[in-house]
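Since the structure comes first, as structure tokens, the remarks are kept for the end.
What follows is calculated from the coordinates using simple rules that are stated; it is not laboratory data. Given the structure is predicted, the values throughout are model-derived calculations rather than measurements. FYI the Cβ positions are ideal-geometry reconstructions off the backbone, even for glycines, and counts take in every protein chain you see.
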Amino acid sequence: MGKIDFLSIADFGREELDLILDLAATLKEAWRAGRSEPRLSGKTLALIFHKPSLRTRVSFEVGVGQLGGRGLYITDAEIGFGKRESVHDIAQVLSRYVDGIMIRTFRQSDVAEMAKHASVPVINGLTDAEHPCQILSDLFTLREKGVALDGMRIAWIGDGNNVAKSWIDATLAYEIELRLACPEGYHPDEKAVEQARTSGKGKVEIFDRPEEAIKGARAIYVDTWTSMGQEEEAELRRRAFAGYTLDRRLLGLAGEDALVLHCLPAHRGEEITDEVMDGPQSVVFDQAENRMHLQKGILVHCMAAGGGRP
Ligand code: CP
Ligand code: NVA
């Protein structure tokens with residue numbers, strides 16, 4: 001059996017995704033009960049970051065420690081990704097030292113290149129195109145809140161960005177009804193939408209207005225209007241996304257049992273108001289917590305002896 005990389009939700013079938021979700025639930029339960037699960041004892045995970053991070057960095061680093069392994073944080077200042085040294089050579093060298101590589105970078109193709117040349121598992125910790133760990137973790141949070149993933153209607157309000165793309169990928173495996181409201185010019189990746197529509201189990205619809213997308217939603221998801229690397233466009237984007245703020249008025253159109261999700265970091269007062277983010281329907285901090293439990297599931301699935309494909 002070959003190594004298991006975690007590059008995209010689209011690479012995984014339902015059975016394997018469910019297995020990781022179940023593994024994360026087992027590990028979370030053990031953590032709550034104070035039982036140690038040293039399933040990665042003696043193993044090292046390299047954590048390469050070319051963009052900032054709070055959740056992904058801390059949850060992977062603490063998570064691998066809880067599994068008996070260690071995390072090694074590396075920034076581009078050290079390795080000069082693709083400049084000081086080629087992705088090919090970095091992958092080969094790191095594979096001689098560590099047992100897994102998590103990478104957050106700009107291009108999805110660089111992550112794929114890293115996976116191709118590394119002999120150890122590679123995990124995508126966010127690219128400009130995708131954020132698969134986040135979405136698997138969010139599926140975990142929703143499931144934990146008692147939401148049945150099959151048949152769930154979720155509204156995406158905002159930029160059709162990397163996080164949106166991974167949500168679209170989730171409809172390949174689950175019967176999720178995903179309703180995206182994105183302004184003109186900020187629609188999601190067309191190929192991903194096409195793939196979801198032709199071979200997915202769920203349904204993907206795109207709306208012009210958030211008021212349309214949010215109707216009947218069991219969950220509502222927002223993300224920043226200006227992703228990492230797009231800071232120079234912030235003002236332009238503030239104008240383009242006017243009317244896309246998740247506030248009490250908009251949330252009221254979804255119903256009282258709708259859950260509010262945000263991958264964070266949030267720009268309070270832009271894509272979400274304080275009132276909604278700190279309100280009773282918000283599960284954003286549970287989402288953040290669950291990143292750690294889910295990353296542990298991914299790590300054990302990809303890196304542990306006894307982990308692996310169903
Ligand atoms: N949601 C998320 O990935 O957060 P960080 O950018 O802080 O890792
Ligand atoms: N879309 C955001 C997600 C942050 C976790 C970004 O790429 O900055």
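Given a Förster distance of 22 Å, report the FRET efficiency between Glu16 and Ala305 from their Cβ-Cβ distance, rounded to the nearest 0.05.
That gives a FRET efficiency of 0.80.
List, in order, the whole-Hz ³J(HN,Hα) value for each residue of region 200-212 obtained from phi through the Karplus relation with A = 6.51, B = -1.76, C = 1.60 and θ = phi - 60°; use x for Gly and Pro.
Per-residue couplings from phi come out as x, 8, x, 9, 10, 10, 10, 10, 7, 10, x, 4, 6 Hz.
Specify the inter-centroid distance of region 243-310 and region 81-129, based on alpha-carbon positions, in whole Å.
Cα centroid of region 243-310 versus Cα centroid of region 81-129: 27 Å apart.
Give me the number: length gained by fully extending Glu231 to His187, i.e. 0.36 nm times residue separation minus the C-alpha to C-alpha distance, one decimal in nm.
Value of the extension gain: 14.0 nm.
Enumerate the amide H contacts of Ile123 below 5 Å, restricted to partners 5 or more residues apart or on another chain; note that Pro and chain-start residues carry no placed amide H.
For Ile123, the qualifying residues are Phe6, Ile101, Met102, Ile103.
Between Arg96 and Lys203, what is the label-to-label distance in nm when each label sits 7 Å out along the Cα-to-Cβ direction?
5.5 nm
Please find, in a Gaussian network model of the chain (springs between Cα atoms separated by less than 10 Å), the residue of Lys191, Lys203, Lys43 whose mean-square fluctuation is greatest.
Lys191
Take the Cα of Ser119, step 7 Å along the line toward its Cβ, and report every residue of region 28-61 whose backbone nitrogen sits under 19 Å from that point.
From region 28-61, the list is 43-46.
Would you list, by chain and number, the aspartates and glutamates whose Cα falls below 18 Å from the Cα of Lys28, excluding same-chain residues fewer than 8 positions away?
Within reach: Asp18, Glu37, Glu61, Asp138, Glu144, Asp286, Glu289.
How far, in nm, would the chain grow between Glu212 and Arg35 when pulled straight, counting 0.36 nm per residue and subtracting the alpha carbon separation?
59.1 nm
What length, rounded to one decimal in nm, is gained on full extension from Asp76 through to Arg238, with 0.36 nm per residue of separation minus their alpha-carbon distance?
This chain segment gains 55.4 nm when fully extended.
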